[in-house]
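Everything on this sheet refers to the single structure shown next.
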Amino acid sequence: MADAVKISVDDNIVLGEAFTKSANEFKARAPGKSALVLGGTGESGSEVVKHIMASGAFDKVTVFARRPVEYTGPNADTLVYKPVNLEDTEQMKKDFAGHTHAFTCLGTTQAKSGKEGFYKVDHDYILNTAKACKAAEIEHYTICSTAGANKNSMFFYTKTKGEVDSEIQDMGFPRVSIFRPGMLMCDRKEARPTEKMASYLMPALNFIIPNRLCVPTSTVGWVMAKNAFKKVDTPAVEIISNLDMMNAFKAGQQ
């Protein structure tokens with residue numbers, strides 16, 4: 001069996017009064033909601049897990065992943081780990097049934113998985129899970145995409161991401177939230193040379209063009225979670241940029 005991924009919420013997590021208030025209002029307004037998380041063992045996905053668990057807004061949170069998850073922190077009794085086969089759409093339909101919210105942070109890189117492997121994960125697997133979510137009648141589908149995603153892009157990476165975003169928008173979910181962060185800033189477990197180099201350059205560039213090029217994964221998790229608590233009365237598709245995320249987090253800490 002693969003080693004378990006440890007996810008823990010400690011006293012250093014930054015929620016803020018606005019976040020806690022939104023979570024409490026959501027739970028009072030819509031009790032009995034449950035969330036599923038895909039890609040919850042990755043850098044961004046684990047931050048989503050931390051923030052939705054710390055919020056206490058959902059009665060149940062299921063983390064679907066290949067590797068087991070060991071969670072320590074608030075509301076630990078509400079988290080369930082379940083293994084998933086991302087190629088078995090029919091089984092996922094069954095496993096996803098009963099959940100109301102979905103958070104998708106699946107992804108790999110061409111450097112790690114090759115061009116075909118990247119496309120399989122970031123296109124095929126994400127759309128497999130999205131179709132299963134639709135069949136399971138998910139009310140709110142949230143995905144972490146990327147800045148510059150465009151189905152007409154000349155670049156393979158952003159074109160693939162844009163194709164996925166476009167297909168998900170057309171699936172007919174009651175609510176879709178597409179987050180498009182820039183470079184993700186974190187202490188990555190598997191540091192890649194280009195990312196390590198960029199991590200030194202980005203703070204300077206971000207100073208020149210503030211809040212547009214990069215974002216901490218902790219901020220991504222905070223904003224994706226808090227956005228789910230927002231009351232929306234009509235079907236909606238929203239695209240949240242890197243700048244939107246940074247501004248929302250800043251406003252939420254005031």
Fill in: Accessible area per residue, Å², the chain with all protein chains present, probe 1.4 Å
50
Worksheet item: With every protein chain in place, what's the accessible area of VAL232 (1.4 Å probe, Å², nearest 10)?
Response: 60
Worksheet item: What accessible area, in Å² to the nearest ten, does a 1.4 Å probe give for THR234?
Response: 90
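First compute the accessible area of the chain with a 1.4 Å probe, then give the percent of it belonging to carbon and sulfur atoms.
Details: 6620 of 12740 Å².
For the chain, the apolar C and S fraction of the accessible surface comes to 52 percent.
Ignoring everything except DSSP H segments at least 4 long, calculate the 222 nm mean residue ellipticity for the chain; use -39,500 (n - 2.57) per segment, divide by total residues, nearest 500. Let's see the in-between values first.
Values: 9 runs with 107 residues, N = 254.
That comes out to -13000 deg cm²/dmol.
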Worksheet item: What shape does the chain take by its C-alpha gyration tensor, where a ≥ b ≥ c are the square roots of the eigenvalues and a/c under 1.5 counts as rounded, a/b above b/c as prolate, and the rest as oblate?
Response: rounded
Worksheet item: Accessible surface of ASP88 in the full protein assembly, 1.4 angstrom probe, to the nearest 10 Å²?
Response: 60
Item to complete: Using a 1.4 angstrom probe on the protein heavy atoms only, line up ARG67, ARG175 by accessible area, largest first.
Response: ARG67, ARG175
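For the range 107-179, with only Lys/Arg (+1) and Asp/Glu (-1) charged at the beta-carbon, what is the dipole magnitude about the Cα centre, in debye rounded to 20?
Numbers: 9 positive and 9 negative charges, 44 e Å.
The calculation lands at about 220 debye.
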Practice prompt. Would you be so kind as to identify which of LEU106, GLN169, ILE138 lies farthest towards the positive end of the dipole of the range 82-183, taking Lys and Arg as +1 and Asp and Glu as -1 on Cβ and the Cα centre as origin?
Written response: LEU106
Discussion item. Which lysines, if any, have their Cα less than 22 Å from the Cα of LYS151, not counting same-chain residues under 8 positions apart?
Written reply: LYS115, LYS120, LYS131, LYS134, LYS159, LYS161
Worksheet item: Rounded to the nearest 20 Debye, what is the dipole magnitude of the range 10-141 about its Cα centre when Lys and Arg each give +1 and Asp and Glu each give -1 at the C-beta?
Response: 240
Worksheet item: Once you charge only the Cβ atoms, +1 for Lys and Arg and -1 for Asp and Glu, what is the size of the charge dipole of the range 12-79 about its Cα centre, to the nearest 20 debye?
Response: 200
Fill in: Neighbour-limited loop hits for trypsin sites (Lys or Arg not before Pro), the range 57-153 (at most 12 other Cβ within 10 Å; DSSP other than H, G, I, E, B)
ARG66
Item to complete: Would you work out which of ASN75, ILE239, TYR119 lies farthest towards the positive end of the dipole of the chain, given +1 charges on the beta-carbon of Lys and Arg and -1 on that of Asp and Glu, about the Cα centre?
Response: ILE239
Worksheet item: Which residue fluctuates the most in the chain, going by a Gaussian network model with Cα springs under 10 Å, if the choices are PRO181, PRO235, PRO74?
Response: PRO235
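The values are calculated or read from the model by the stated rules, or taken from the named source; none is laboratory data. In this text the structure is predicted, and so the values were computed from the model without any measurement. Using ideal geometry, Cβ is built from the backbone for each residue, glycine included, and neighbour counts are taken over all protein chains shown. Only protein heavy atoms, including side chains, enter the accessible area calculation; ligands, DNA and RNA are left aside. Shrake-Rupley method; radii C 1.70, N 1.55, O 1.52, S 1.80 Å.
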